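Worksheet: one structure, shown below.
Here, each number is a calculation from the coordinates, and none is a lab measurement. Note that this is a predicted model, so its numbers are computed, not measured. Please note: Cβ atoms are built from the backbone with ideal geometry, for glycine as well, and neighbour counts cover all protein chains shown.
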Amino acid sequence: MKEFDVIGLGNSLVDILLELTDGEFAALGFEKGTMRLVEPAEQAGLLAAFRDHEPRLVSGGSVANSVIACSQLGGKGAFLGCVGDDRYGLHYATEFQELNIDFANAPLVGETTGTCVSIITPDAERTMRTSLAVSSHLAARHVRPEKVSAATWLFVEGYVFANPSTGQHAIREAVRAAKAHGTKVALTCSDAFIPQVFGEPFREALAQSDLLFCNATEAMAVAGGYTAEESFQNLKALVPGAVVTDGPNGAFVRYDGEECHVPAFACHPVDLTGAGDMFAGAFLYGVTRNVAPQKAARAANFLAMKVITQIGARLHHGARQFWDEAAWS
């Protein structure tokens, strides 16, 4: 039995949730629903403009959210990422401690922590401005092989491929450690542009992975095809296990010799972000507990639905209760 169920490798970002009216959003001139990378100074200016609002701080990052989900369900998680020793970094490290997740690297002295300002409008769309700051410094030297070897799964965030001089080396080092110690490798696309722009290193990692998580658009970018199902079938030639989520159309799952389609749960979404992160974390929790893939995917779908019916990319209460409600009903 290994010490950790999942160790994540990804960007450590503090989500700053900002709810704006349509008028306030229009004044910014941003294209709705976009995610854009910005420099720390621009991020500081955006936050200063809405200092009279009460933003909520939530420690996150895509794969970090998945590790948190696994932990909330009763799994044991660890995380490899970089934060600074500023207000946001100390918030991040403290929150992970409270969540009982092993945050493998101490805050880096004098560095600025990455933030993601998530602007939520009344139509449930989320427009994001991300300042990666020190999170993008994640490199091979920050990978702790002894932590990777102590985990059942290594879960790699696709966004890390976007840093060729640092992040790609971190991924190679983590995958090398995983392969050397019988740790299974799961990979997420994060966004369709990752396999499109960083195709060579992405495919190098995919060839060594046991499981890929992606949505329909990302699956098409990786494996071709015109539908989620067609892309899902094409992935069979590239990776042993795959989960292709398709929003309200459910998810296609291939894992441990089983293949199935699991329908989504109908809902009225409030904030569309975080569904994929929750699905991955819940599914990995399930398979580490020898739950049948179809049952794990059903529970993961239910938890993903719960996430998008509230503000924020993760659940703060009730995750375990929802799992039990879905998995065994």
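Ignoring lysines fewer than eight residues from Lys306 along the same chain, the ones with Cα atoms less than 21 angstrom from its Cα are Lys295. Local charge for Ala150 was computed over the other residues whose Cβ lies under 11 Å away, with Lys and Arg +1 and Asp and Glu -1, and equals 0.
Give me the tail of P(r) for the range 139-210 as a percent: Cα-Cα pairs with distance above 14 Å. It works out to 53 percent of all Cα pairs. Scanning residues 5 or more positions from Arg56 or on other chains, those with amide H under 5 Å from its amide H are Leu17, with H placed 1.01 Å from N in the peptide plane. Using θ = phi - 60° in the Karplus curve 6.51 cos²θ - 1.76 cosθ + 1.60, the 3J(HN,Hα) couplings for the range 151-164 round to 10, 6, 10, 9, 10, 9, 7, x, 4, 5, 5, 6, 10, x Hz; x is entered for Gly and Pro. In whole angstrom, how far apart do the alpha carbon centroids of the range 92-135 and the range 158-225 sit? First find each Cα centre; the distance between them is then 21 Å. Residues of the range 115-155 with an amide N closer than 20 Å to a point placed 7 Å from the Cα of Thr21 along the Cα-to-Cβ direction: 119-127. Taking the Cα centre of the range 123-277 as origin and assigning +1 to Lys and Arg Cβ atoms and -1 to Asp and Glu Cβ atoms, the resulting dipole is close to 720 debye.
Does the range 134-255 classify as rounded, prolate or oblate by the C-alpha gyration tensor (a ≥ b ≥ c root eigenvalues; a/c under 1.5 gives rounded; else a/b over b/c gives prolate, otherwise oblate)? The shape class here is prolate. The packing ranking, built from the mean of other Cβ atoms within 10 Å per residue, places the peptides 158-166, 5-13 in the order 5-13, 158-166, highest first. Amide H to amide H distances under 5 Å link Arg126 with Gly33, Leu272, where only residues 5 or more positions off or on other chains count and H is placed in the peptide plane.
A straight line joining the Cα centroids of the range 44-77 and the range 239-317 runs 19 Å. Using only side-chain charges placed at the Cβ, +1 for Lys and Arg and -1 for Asp and Glu, the dipole size of the range 69-140 relative to its Cα centre rounds to 100 debye.
In the chain, the DSSP-assigned H stretches of four residues or longer account for a calculated mean residue ellipticity at 222 nm of -11000 deg cm²/dmol, using -39500 (n - 2.57) per stretch and the full residue count as denominator.
Annotation for the range 278-329: trypsin sites (Lys or Arg not before Pro) lying in DSSP loop with at most 15 further Cβ atoms inside 10 Å of their Cβ are Arg289.
For the chain, the cysteines with no partner cysteine C-beta closer than 4.7 Å are Cys70, Cys82, Cys116, Cys260, Cys267. Using a cutoff of 8 angstrom between alpha carbon atoms and counting only pairs six or more residues apart, the relative contact order for the chain works out to 17 percent. Listed by chain and number, the lysines whose C-alpha is less than 22 Å from the C-alpha of Lys147, apart from same-chain residues fewer than 8 away, are Lys2, Lys76, Lys179, Lys184. The charge dipole of the chain, taken about its Cα centre with unit charges on the Cβ of Lys, Arg, Asp and Glu (plus for the first two, minus for the last two), comes to roughly 860 debye. Specify whether the C-alpha gyration tensor of the chain places it in the rounded, prolate or oblate class, a ≥ b ≥ c being the square roots of the eigenvalues: rounded for a/c under 1.5, otherwise prolate if a/b is larger than b/c and oblate if not. In terms of gyration-tensor shape, rounded.
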